[in-house]
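Read the figures in this text as sums done on the coordinates, not as results from a lab. Fair warning: this is a prediction, and the values are worked out from it, not measured in the lab. Cβ coordinates were reconstructed from backbone atoms using ideal geometry, including for glycine residues, and neighbour counts include every protein chain displayed.
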Amino acid sequence: MRIRIDLAYDGTDFHGWATQPRLRTVQGELEAALATALRVPEASVVCAGRTDTGVHARGQVTHLDVEESVLAASAGRSEDPPEEALLRRLNGILPPDVRVRRVAAAPDGFDARFSAVWRRYAYRVADRPGTVDPLTRRHVLAWSRPLDLDAVNAASALLVGEHDFASFCKKREGATTIRTLLDLSWDRDPVGVAVATVRADAFCHSMVRALVGCLLAVGEGRRPVAWAGEVLGARVRDPAVTVAHAHGLTLEEVGYPADRELAARAEQTRARRTEVGHG
């Protein structure tokens, strides 16, 4: 059977999501905990979106394939459903900077990565002295210059839609940089922290942080609003675009279609996007 595991983590002390030899990663911690909880030699999970070193998550989604008998046996004498028993066991094994929020049997056709229709990130910036809080320093970027969010939002609007985001991505051999940016907008939370909401069908490596780096330059007045569109149109990395620090970024949520559409969505996503559509 396939199970869906929703989790959150503080990325500060991790070398990103993906397992790496001799380095502490979120995937490594989760898979080790699963192997212990399920009493199996090893466990292998697939995630909705690999986060980089220092990036956090509140809404990461993974899946794991496991024999139903193994899951049932792992619950022991618990009277709770095996999924709930596994959730409790995992949180008893995992370190405090990783928490499993939900374990459930996945519907037919579900794939944590390929069935997703969008991922939503937030990037948080404290750009005023009164909003810089030492208690939030691990997930909010302290910025020394005030940001003009009207200018930032005007520049953000130039980036929304389906485009080739090569200017904002680290190119990988054989991988497309065409993405559909569904939302990119900035607002202030109740304490005045500037929060960017970024939602897309998928992201390429370092894309969100490069977008934020470009928009910070606009927001503090070093670049005009139009510059964001010019960078996008060039389709090559611009050394003037600074990739924003990782710790301000959090994966907040992953969206999926209705259960009956999961398998079709996974098949569609696997098809490589080769050209930018109209509109």
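Here is the figure for the range 173-190: residues that are under 25 Å from Phe114 (Cα atoms), in contact with a strand residue (DSSP E or B) (Cβ under 9 Å, 6 or more places away or on another chain) and part of a loop (DSSP other than H, G, I, E, B) total 2.
Just give me the residues in the range 147-165 being surrounded by 19 or more Cβ atoms within 10 Å (Cβ to Cβ) and in contact with a Ser or Thr (Cβ under 7 Å, 6 or more places away or on another chain), in sequence order. Within the range 147-165, Ser156, Phe165 meet the criteria. The condition (being more than 20 Å from Val26 (Cα to Cα), without any contact (Cβ under 8 Å) to a residue 60 or more places away in the chain and surrounded by fewer than 15 Cβ atoms within 10 Å (Cβ to Cβ)) is satisfied by just one residue among Leu184, Leu135: Leu135. The lone criterion from (1) among the acidic types (Asp, Glu); (2) over 19 Å from Pro129 (Cβ atoms); (3) more than 21 Å from the chain's Cα centre (by Cα) left unmet by Asp148 is number (2).
Condition check for Leu90 on (1) touching a residue at least 40 places away in the same chain (Cβ under 8 Å); (2) closer than 30 Å to Thr197 by Cα: one failure, at (2).
Residues in the range 163-189 that are small (Gly, Ala, Ser) and more than 17 Å from Leu216 (Cβ to Cβ): Ala166, Gly174, Ala175. When Thr131, Thr136, Thr176 are checked against the criterion of being of a type in the set (Ser, Thr, Tyr) and closer than 23 Å to Thr269 by Cβ, Thr176 stands alone in meeting it.
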